[in-house]
Every structure is written in structure tokens, then in C-alpha cells.
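The values are calculated or read from the model by the stated rules, or taken from the named source; none is laboratory data. Owing to the predicted nature of the structure, the values given are computational and were not obtained by experimental measurement. Because the Cβ atoms are built from the backbone with ideal geometry, glycine has one as well, and the counts that use them run over all protein chains shown. Side chains are part of the model used for accessible areas, which takes the heavy atoms of the whole protein and leaves out ligands, DNA and RNA. Shrake-Rupley method; radii C 1.70, N 1.55, O 1.52, S 1.80 Å.
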Amino acid sequence: PLLKRCASAGVPVLLSTGGGTIEDIDRAHATLRNCPHAILHCTAAYPLAPAEANLRMITTLRQRYPETVIGFSSHSPGIAFSLIAYAFGARIIEQHVTLNRASKGTDHAYALEPKGLETLCDDLKKLQVALGDGVKQFYDSERKPISKMRRTETPEGLRICG
């Protein structure tokens with residue numbers, strides 16, 4: 001009922017998939033088809049165990065719902081899973097944040113403190129650039145190291161290890 005109400009009002013929805021099946025996600029996506037929404041891969045465990053992260057599910061969701069923004073709702077300590085999720089195509093990253101990880105409550109222990117959030121944001125910006133375009137290139141920054149590593153000349157004038 002909540003999703004139907006959101007869809008009829010046109011309210012944007014971030015749909016977390018924690019605790020759901022692929023059939024649940026299909027039904028929710030169908031309900032929200034005329035409403036702006038994103039689907040966030042999530043495992044509803046606090047904190048998230050590495051063996052239960054299933055980050056490849058992000059690829060599955062991108063293939064299953066190609067017209068929908070896919071994201072990741074992390075319940076993991078640190079930033080690694082969120083960075084990997086971005087590399088797999090998640091374009092929304094939801095991360096728990098706290099002012100003090102020693103505070104009482106279940107979320108604080110695995111949440112990021114402000115410095116951790118800053119690191120995550122900085123690393124996501126670097127990752128956007130680092131992913132590149134998938135085309136193999138020779139960079140000017142490689143010239144000097146390569147000239148030291150190569151041993152023989154080729155017809156093209158490049159030195160290769162021999």
C-alpha cells in the first residue's frame with residue numbers, strides 16, 4: 001500500500017531490497033513503474049558479513065532493470081564494499097554515519113564517523129576517474145619507466161623486454 005501511494009503521488013522512492021526476494025523486487029518495481037525510483041541492493045544484516053554482501057547482485061539488478069538507477073545500501077564497517085559497489089555500477093551509495101562509533105545502538109559500531117565519510121566521498125570521486133573508458137591507452141607517464149624496463153628494439157622503435 002505504501003508503494004502504491006508513493007506511485008500515485010509521484011514521490012521519488014529509494015527502494016532498499018534488504019530481506020526481499022527477486023520476486024518482491026519485481027513487484028515493487030512494477031508498482032513504481034510510473035514513479036521516479038532507484039533500487040538499492042541491500043542485505044538486512046547489521047553489520048553485514050562479507051560472505052553475505054553478494055555485491056555481484058548489483059550487476060544482476062542493472063541487467064534486470066536497465067532503465068532504473070541501481071544503488072547500494074551498506075551495513076558494512078569501512079568503505080570497501082561501497083567502493084566495490086560503485087565499481088559494479090551502483091550510482092547511489094547509502095552509508096550509515098555517526099558522530100561517535102562508541103555510542104549506544106546497533107548502527108553506530110559499523111557506521112562511518114565524519115572523517116570516514118569524507119574518505120568515502122573522496123575515494124568515490126577518484127574511482128569515477130580511475131574506472132576510465134575501457135580502451136587500452138599508452139600514457140606519457142609510462143614513457144620513462146618503460147624506457148628503463150624494455151630491452152630490445154622493435155620495428156616501430158619501441159623497446160620490449162627480451
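Here are the numbers:
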quantity: Filtered residues of the stretch 77-119 (kept if at pLDDT 95 or above, open to solvent by less than 60 Å² (accessible area, probe 1.4 Å) and of a type in the set (F, W, Y)); calculated: F81, Y86
quantity: Some residue of the stretch 19-37 being assigned to a loop (DSSP other than H, G, I, E, B), open to solvent by 30 Å² or more (accessible area, probe 1.4 Å), β-branched (V, I, T) and closer than 24 Å to A109 by Cα; calculated: no
quantity: Output for the stretch 50-72, where each listed residue is over 9 Å from the mean Cα position of the chain (by Cα), open to solvent by less than 50 Å² (accessible area, probe 1.4 Å) and not aliphatic (A, V, I, L, M); calculated: T59, Y65, T68
quantity: Test: L117 is touching a residue at least 24 places away in the same chain (Cβ under 8 Å) and not polar (S, T, N, Q); calculated: no
quantity: In the stretch 109-122, the residues that are more than 16 Å from E94 (Cβ to Cβ) and in a helix (DSSP H, G or I); calculated: A109, P114, K115, E118, T119, D122
quantity: Residue match in the stretch 87-94 (condition: in contact with a Ser or Thr (Cβ under 6 Å, 6 or more places away or on another chain), under 21 Å from G134 (Cα atoms) and in a loop (DSSP other than H, G, I, E, B)); calculated: yes
quantity: The stretch 31-53 residues that are touching a residue at least 24 places away in the same chain (Cβ under 8 Å), paired with ones that are in a loop (DSSP other than H, G, I, E, B) and of a type in the set (K, R) (beta carbon under 8 Å, 6 or more apart); calculated: A38/R91
quantity: Residue satisfying all of: in the stretch 95-108; in a loop (DSSP other than H, G, I, E, B) and among the β-branched types (V, I, T); farthest from the chain's Cα centre (by Cα) among these; calculated: T106
